[in-house]
Amino acid sequence: MITSRYPIVKIQDTVPIELVPFKEPEGLNLLKQFVDRKQNQPFTPAEEEALLILVRKVDGLPLGIRILAALINSRSCALV
């Protein structure tokens, strides 16, 4: 799989599939699903806002959201 924000990438014998970015609520929900929470704790409003800022930073792109979740899960840090 090859990803690109720009459709100019063309490789022989490939089939392009265009994915549209998630809208902010969808991107936020996806990121929340991927982020590990201890004992399924709900996110605080401040944490949700921090996650939403991150979703905006990757323009709602699914791969960007997945990478953000992996980075968050790999570090023991607070979201805010």
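The values are calculated or read from the model by the stated rules, or taken from the named source; none is laboratory data. Note that the structure is a prediction, hence the values are computed from the model and not measured. In this analysis, Cβ positions are derived from the backbone assuming ideal geometry, glycine residues included, and neighbour counts consider all displayed protein chains. Keep in mind that these areas ignore ligands, DNA and RNA; they rest on the heavy atoms of the full protein, side chains included. Shrake-Rupley method; radii C 1.70, N 1.55, O 1.52, S 1.80 Å.
With the condition kept exactly as written, say whether any residue in segment 17-28 is at pLDDT 95 or above and either among the β-branched types (Val, Ile, Thr) or open to solvent by less than 50 Å² (accessible area, probe 1.4 Å) (or both).
Checked against the condition, which is being at pLDDT 95 or above and either among the β-branched types (Val, Ile, Thr) or open to solvent by less than 50 Å² (accessible area, probe 1.4 Å) (or both), segment 17-28 yields at least one hit.
Exactly one condition in (1) out of contact with any Asp or Glu (no Cβ under 7 Å at 6 or more places or on another chain); (2) modelled with pLDDT of 95 or more is not met by Leu52; state its number.
(1)
Of the residues in segment 26-58, how many are out of contact with any Lys or Arg (no Cβ under 8 Å at 6 or more places or on another chain) and not in a helix (DSSP H, G or I)?
Of the residues in that region, 7 qualify.
Of all residues being closer than 13 Å to Pro25 by Cα and open to solvent by 80 Å² or more (accessible area, probe 1.4 Å) in segment 55-80, which is modelled with the highest pLDDT? Just the residue, please.
The extreme case among them is Arg56.
If you go through segment 29-80, how many residues are of a type in the set (Gly, Ala, Ser) and more than 14 Å from the chain's Cα centre (by Cα)?
4
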